[in-house]
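The values are calculated or read from the model by the stated rules, or taken from the named source; none is laboratory data. Just so we're clear, the structure is a prediction, and the values are computed from it rather than from any experiment. Virtual Cβ from ideal backbone geometry, glycine too; neighbours counted across all protein chains shown.
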Amino acid sequence: MKVPGLTALCNFLCICLSIFPPAKAATSPAPNHRRRRCVFGDECWPKDAEWKAFNESISGRLIRTFPSANVCHGKQYDAALCQTAKDHWTNGLWRTNQTGGYTSMLWEMGLDGECSIDTGQKAPCDAGLVPHFSVGVQEVKDIQASINLRIRRIFIWFLGRSSGKGALSIWTHYMKGRQWHKKFVPKGAPANTSGTPAVTLYAGEQLQDAYAAAAEKGLIIVMGDSKTVGAAGGYFLGGGHSPFAHFYGLGADNVLEVTLVDAKGEYITINQYTDPDYFYALRGGGGNSWGVIVSVTMKTYPDHSHIQIGRVHLNATNNETLRTILERTFSAISRVTEAGYVGYAGLGNGKSPTAFDGLFIQPNATNETFSEAFSLFVDMMSLQDVDGHVLSFDFPSWASWCPHFLGDPNMGTNTISGSRLLTPEVLTNKSKEIVDLILKNQDYDPGFGFIGRVNPQERDNTAVHDIWKESAALMTFGATWSDDTPRDKALKIKKDLIELTEELGNIVGKAGGTYFNQANPYERDWQNVFWGRKYEKLLAIKQRIDPSNLFVCNRCVGSDIILEP
């Protein structure tokens, strides 16, 4: 069951690169030196014969890439495929099977691209931000061949890190597979190292498949809530919150080993023994700044014998009551997280009667635990002009609840969000200021993209922002717009959300930060907001492992790619 206002990770399983040396670059530039990278249409772009030879070297896996609505327009028109696209336009599984498909149309077409699913066959359909070619990777050597082309990459994810106009995409969607370990020992570990129950997931694995396979073995994996997200990539690179974060930490905290192709084109294994600093960067260092991920090995845990689900839905019939509920909600959230519950919620802003709509999860909780933890929500039910419910129900295992839980974000739409992590102190002392911000910005949907106290045991061993040691909730604002929205209006939405996110940041304070995978893609103080004091260490690691700055993406460590609205 999904809740309004919940943002989620993007799920596009590819890496996009603008390729080959810049036309006039004679030496390797410093990591923050801006340079022109070669893309389709430039003189430096390879000739057809070169692409033919490259395609032959990778067993014919080079794919000409088009926007997902391309089959409904011009020379590419195909009536059957067009109808399929229309029928599945918002379906996450369908989108992840398209080399040019993205969760958000903002990153597929940008503000200036034209290729709509709702227009006729003769309507314009340009490339937008979609890469020119994709490599449908099936083997490590396919990645190495691409890297050895002297690729210069522009990778974009939820922050705009997997699209790139005129680029080459390394599409790892087909690299599926998993391997279970009763006692996994990382490469290079001392001879007497005890093994850890774990699973190795390959780059094309998606959460719903990994969860289902784990359930068959009576196991759980620390992963997220969006079924088509790639399990072995941006999720753990950005930190990765989870329903089990209170007990087992973030996804990044549970990574034992990563295999990848590095900037030299070498297939390497990274863990705490082979390269501790590189391993540190991979666990929360963001984006795809660090190499092309082939697999990740993560801890597994026995499934729980009892899962308690909490549902809270409160309606307010007037703005005064709405304000009261919102302000009290922040204190209520603090109490709920103290009791170990993890959740997700939408908040009201006056556009509908809904004031709060939340879903909460805790293994092995009791009715007594629930009653105490949610007492402040129950108290709100007695307020005048309030109706709704506060209830709990039980499932015998995570495996039995998981199919009801998994969903996907808004697919095939233009979406953008901004966020900040809130500590219990902020929830308690800054609720009035945050509610003021919510109510004066009714065009932007507020919510909690994550609620919970995260196990901090591994925090100093990963690149994840220190604020996760203290935070109790991820506050988000989001906006959507249709394809036919005038460009100037869409641009205003983006710019206004930048300002709104900064206002939230000012309330939280400079010590605050956010969750990398659900951040505003245009954060101005991104180094501090994404990583805080850890950025300088990450930059030093980046300069060591990728001195020519081969791997770059929007607002990633050491990147010279800083996208503007």
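Observations
- Taken over region 382-412, the criterion of being outside any loop (DSSP other than H, G, I, E, B) and under 17 Å from Val229 (Cα atoms) is satisfied by Cys402, Pro403, His404, Phe405, Gly407.
- Only one of Phe184, Phe247 that is in contact with a strand residue (DSSP E or B) (Cβ under 8 Å, 6 or more places away or on another chain) and over 23 Å from His404 (Cα atoms): Phe184
- If only residues of region 257-269 that are touching a residue at least 40 places away in the same chain (Cβ under 8 Å) and in contact with a helix residue (DSSP H, G or I) (Cβ under 6 Å, 6 or more places away or on another chain) are counted, the one that is surrounded by the most Cβ atoms within 10 Å (Cβ to Cβ) is Val261.
- With respect to the conditions (1) surrounded by fewer than 17 Cβ atoms within 10 Å (Cβ to Cβ); (2) touching a strand residue (DSSP E or B) at 6+ places or on another chain (Cβ under 7 Å); (3) over 27 Å from Ser471 (Cα atoms), His389 lacks only one, and its number is (3).
- Enumeration of residues in region 509-565 that are among the aliphatic types (A, V, I, L, M), under 19 Å from Ala473 (Cβ atoms) and buried (at least 22 other Cβ atoms within 10 Å of the Cβ): Ala519, Val529
Yes/no matrix, rows are residues, columns are (1) under 21 Å from Leu474 (Cα atoms); (2) out of contact with any helix residue (DSSP H, G or I) (no Cβ under 6 Å at 6 or more places or on another chain):
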residue: Ser334; (1), (2): yes, no
residue: Glu338; (1), (2): yes, yes
residue: Ser352; (1), (2): no, yes
residue: Phe370; (1), (2): no, yes
residue: Val378; (1), (2): no, yes
residue: Asp387; (1), (2): no, yes
residue: Phe393; (1), (2): no, yes
residue: Pro396; (1), (2): no, yes
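- Out of Tyr202, Tyr235, Tyr211, one residue alone is of a type in the set (Phe, Trp, Tyr), under 21 Å from the mean Cα position of the chain (by Cα) and over 27 Å from Ile58 (Cβ atoms). It is Tyr211.
- If you go through region 94-127 and keep only what is aromatic (Phe, Trp, Tyr) and more than 14 Å from Thr415 (Cβ to Cβ), you end up with just Trp94.
- Restricted to region 180-215, and to residues there that are closer than 19 Å to Ala399 by Cα and not aliphatic (A, V, I, L, M), the residue that is surrounded by the most Cβ atoms within 10 Å (Cβ to Cβ) is Glu205.
- Residue-level check: of (1) at pLDDT below 95; (2) not in a loop (DSSP other than H, G, I, E, B), Val199 misses just (1).
- Unmet requirement for Gln272, which otherwise passes all of (1) surrounded by fewer than 24 Cβ atoms within 10 Å (Cβ to Cβ); (2) over 19 Å from His181 (Cα atoms): (2)
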